[in-house]
Amino acid sequence: MPISIPPWLSQLYYLLTAPGVVIHELAHKHTAEDLGLAIAEYRLFKFGSPAGYVKHETPRTYRGIVAVSAAPFLLNTMLAFSLYLAIGISLHYTSLESLSLLQIALLCGGFWIALSSSLHAFPSAQDISNINTAARARWANTPLGSRGILGILAMPIFLLKHPSVVFSLPLVGVLLVLDRARAIGSHFFFAGAVIATALYALDIIYLFLATTI
């Protein structure tokens, strides 16, 4: 059953995780700019729903649509993972007693940014809709692609004309499932999975260093 969250608690959540929202929107904005798309309007953070947005010119290619829509998922996740590794390595080679207040503040700040980044890594429902709309439009324009059971015959044609659509299906499928499960807290489970993966990677790094040094 979806979790019902009071509006004030939702606003507090977005305020406490604001860095993740800002990074999410920056990923959209810079990816769109890198593709040469005009930015009409953007807000990196605001109170209300949505907590941030980027309005830009529609990408001319399917790859561009996927790139802009999925950019936050990749950037926020990679940033969170990298920060956890940096924090873990710092604490591994430095005792807590020897840390200055500034160093403690930096480590706490890094953890805050990492956690909020992973919590806001999922593309929005609009991002998923943009990808689905683009894929369906290309399928509809494929010969026999919109004619029921005859569409099976169109699959080889579709694969040849739009391989990027087919190869992106696993990523799009994962993002769709994660977004649909957001109501039951999938973003919290994902944030925990990023931490667990970073801890596992740190164990491998320490083991490698111990055997090579």
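Brief remarks follow.
- The one condition in (1) open to solvent by 70 Å² or more (accessible area, probe 1.4 Å); (2) free of Cβ contacts under 8 Å to residues at least 12 places away in the same chain that K46 fails to fulfil: (1)
- The set of residues in the range 173-197 that are open to solvent by 80 Å² or more (accessible area, probe 1.4 Å) and touching a residue at least 60 places away in the same chain (Cβ under 8 Å) comprises I184, F188.
- Screening Y53 on (1) open to solvent by less than 80 Å² (accessible area, probe 1.4 Å); (2) more than 21 Å from the chain's Cα centre (by Cα) shows it passes everything except condition (2).
- Out of P170, P156, one residue alone is exposed (fewer than 14 other Cβ atoms within 10 Å of the Cβ), at pLDDT below 80 and either over 30 Å from S90 (Cα atoms) or among the polar types (S, T, N, Q) (or both). It is P156.
- Any hit, the range 56-63, residues being in contact with a Phe, Trp or Tyr (Cβ under 9 Å, 6 or more places away or on another chain), at pLDDT 90 or above and not in a helix (DSSP H, G or I): yes
- The set of residues in the range 64-104 being within 18 Å of P123 (Cα to Cα), of a type in the set (S, T, N, Q) and either out of contact with any His (no Cβ under 9 Å at 6 or more places or on another chain) or open to solvent by 70 Å² or more (accessible area, probe 1.4 Å) (or both) consists of T77 alone.
- The residues listed here are T61, T31; of these, the one that is in contact with a Leu (Cβ under 9 Å, 6 or more places away or on another chain), open to solvent by 70 Å² or more (accessible area, probe 1.4 Å) and over 30 Å from I205 (Cα atoms) is T61.
- Residue within the range 66-74 that is without any contact (Cβ under 8 Å) to a residue 12 or more places away in the chain and of a type outside the set (S, T, N, Q) present: no
- Per-region count, the range 121-134, residues in contact with a Ser or Thr (Cβ under 6 Å, 6 or more places away or on another chain) and either of a type in the set (S, T, Y) or within 16 Å of A193 (Cα to Cα) (or both): 1
The values are calculated or read from the model by the stated rules, or taken from the named source; none is laboratory data. Because the structure is a prediction, the values reported are computed rather than measured. Don't worry about glycine lacking a Cβ; one is built from the backbone with ideal geometry, like all the others, and counts go over all protein chains shown. Accessible surface areas use protein heavy atoms only, side chains included; no ligands, DNA or RNA. Shrake-Rupley method; radii C 1.70, N 1.55, O 1.52, S 1.80 Å.
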